[in-house]
Amino acid sequence: MGGTPSDDGGRWTAATTALGREAIEALLRAGRPAPARAVWERLRPETRARGRFRLLEAELLLAEGRREEARAVFDEDFEVDDLREGDERIGRVWERAGGGELPGRHDFRMRPPSA
């Protein structure tokens, strides 16, 4: 009938990916990086390599106090292909990771950068 945890069907992977992302984001908002890391580590490597999850990894590293490692994630040239134009999440994470001029490939702002 439907996918089960023991099969590798696309629906199960999509569901666990979405639930994992939501859980990590909620745990980080609640200030609970250790349980967020536990969820992160249970995600498939292919999932963790996706752009949206690379950004989430940078946020997780920042929550763990690992600023240099978070900044290094940006140096690895990921692309968040499902981020809406005008979403400033990348810029906020970038600033927390050390700031400077936001690379154009990550700039989805709908306004000029603040001075």
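The values are calculated or read from the model by the stated rules, or taken from the named source; none is laboratory data. It should be emphasised that the depicted structure is a prediction, and the values quoted were computed from it without experimental measurement. For neighbour counting, all protein chains shown are included, and Cβ atoms are generated from backbone atoms with ideal geometry for every residue, glycine included.
Some points to look at:
- Looking only at the stretch 58-90, and only at residues there that are small (Gly, Ala, Ser) and either outside any helix (DSSP H, G or I) or farther than 22 Å from residue 37 by Cα (or both), the one that is modelled with the highest pLDDT: 65
Residue-wise test of (1) touching a residue at least 60 places away in the same chain (Cβ under 8 Å); (2) more than 22 Å from residue 99 (Cβ to Cβ); (3) of a type in the set (A, V, I, L, M, F, W, C).
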| site | (1), (2), (3) |
| --- | --- |
| 14 | no, yes, yes |
| 26 | no, yes, yes |
| 46 | no, yes, no |
| 56 | no, no, yes |
| 78 | no, no, yes |
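- Residue satisfying all of: in the stretch 28-44; of a type outside the set (A, V, I, L, M), part of a helix (DSSP H, G or I) and without any contact (Cβ under 8 Å) to a residue 12 or more places away in the chain; surrounded by the fewest Cβ atoms within 10 Å (Cβ to Cβ) among these: 41
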